[in-house]
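Comments concern the structure below.
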Amino acid sequence: MSEESAKNIETKEGLPVWVNIIAAFLGLFLLSPLLLLVSVLIKLTSKGPIFFKQKRVGLNGKEFVLFKFRTMKADNDGPKITTKNDVRITPIGKILRKSKLDEFPQLINVLKGEMALVGPRPEVKEYVELNPDLWKVILKVRPGITDPVTLKLRNEEELLQKAESPEEFYSKYLSKYKADGYLDYIKKRGIFYDVKIITRTLLGVIFPKLNPPPDIDEIYEGWKNG
């Protein structure tokens, strides 16, 4: 999507903040036994903290600390981008990443009002600055745990594995592909659309084929046409 087209997008309201907060509270309460089990497994199987914390850019450009279950070895050195067969991923981390259980602690971010259940995925500042005009529009919306782009890119680590240079592929091509997808979501955004995305997300955990992923050529093609 061109920068000029992005500027003309009208932001619409999704699920109200209070609905997100209540849903996050209920989710944390109902899932607490599972979250506790995951926490114990992380501590028993690898050294380091239970949570991975990272600064992300949120609503109106304000940075916040995003929570995930830690899936990689603590104090690891290596590329910023994680691919499917990254040796830094712990055995339990592979399961958490594949099942998306590592994302569940972000319900804490929703409870704090920093995120929503549905919305563009929050990005690190470095990648926001690659497409500043597009992100200026994206950041008018509260970031979320899931969205249509997230559903489509369940195989993101596999795509990065296929790239000759994963970091270059992400920064030059995939980050733009994501930004375009976030803008498309913002155009369609609404209460019923958000409910649809939540439903697709829950079903997608059980039936991954419901959300067919793009191949690497589609990402390149989207960049050329953007």
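The values are calculated or read from the model by the stated rules, or taken from the named source; none is laboratory data. On a predicted model such as this, the values are computed, not experimentally measured, just so you know. Here the Cβ positions follow ideal geometry from the backbone for every residue, glycine too, while neighbour counts run over all protein chains shown.
When restricted to residues that are closer than 24 Å to E63 by Cα, in contact with a helix residue (DSSP H, G or I) (Cβ under 7 Å, 6 or more places away or on another chain) and not in a helix (DSSP H, G or I), region 144-188 contains 3. With respect to I9, determine if the residue is at pLDDT 95 or above and over 19 Å from N155 (Cα atoms). So I9 fails the test.
Residues in region 9-58 that are among the β-branched types (V, I, T), surrounded by fewer than 15 Cβ atoms within 10 Å (Cβ to Cβ) and more than 26 Å from R142 (Cβ to Cβ): V40, T45. Taking first residues from region 148-163 that are buried (at least 20 other Cβ atoms within 10 Å of the Cβ) and partners that are of a type in the set (A, V, I, L, M), the Cβ contacts under 7 Å between residues at least 6 apart in sequence or on separate chains come to P148/I197; L159/I216; L159/I219; L160/I81.
Looking at region 115-122, is at least one residue touching a Phe, Trp or Tyr at 6+ places or on another chain (Cβ under 9 Å) and surrounded by fewer than 16 Cβ atoms within 10 Å (Cβ to Cβ)? Outline the logic, then answer.
Step one: list which residues in region 115-122 are touching a Phe, Trp or Tyr at 6+ places or on another chain (Cβ under 9 Å), which gives 115, 118-122.
Imposing the further condition that a residue be surrounded by fewer than 16 Cβ atoms within 10 Å (Cβ to Cβ) reduces the set to none.
Checking region 115-122: not a single residue is touching a Phe, Trp or Tyr at 6+ places or on another chain (Cβ under 9 Å) and surrounded by fewer than 16 Cβ atoms within 10 Å (Cβ to Cβ).
Applying the set (1) touching a helix residue (DSSP H, G or I) at 6+ places or on another chain (Cβ under 8 Å); (2) within 17 Å of N60 (Cα to Cα); (3) of a type in the set (A, V, I, L, M); (4) surrounded by fewer than 18 Cβ atoms within 10 Å (Cβ to Cβ) to L139 leaves exactly one unmet item: (4).
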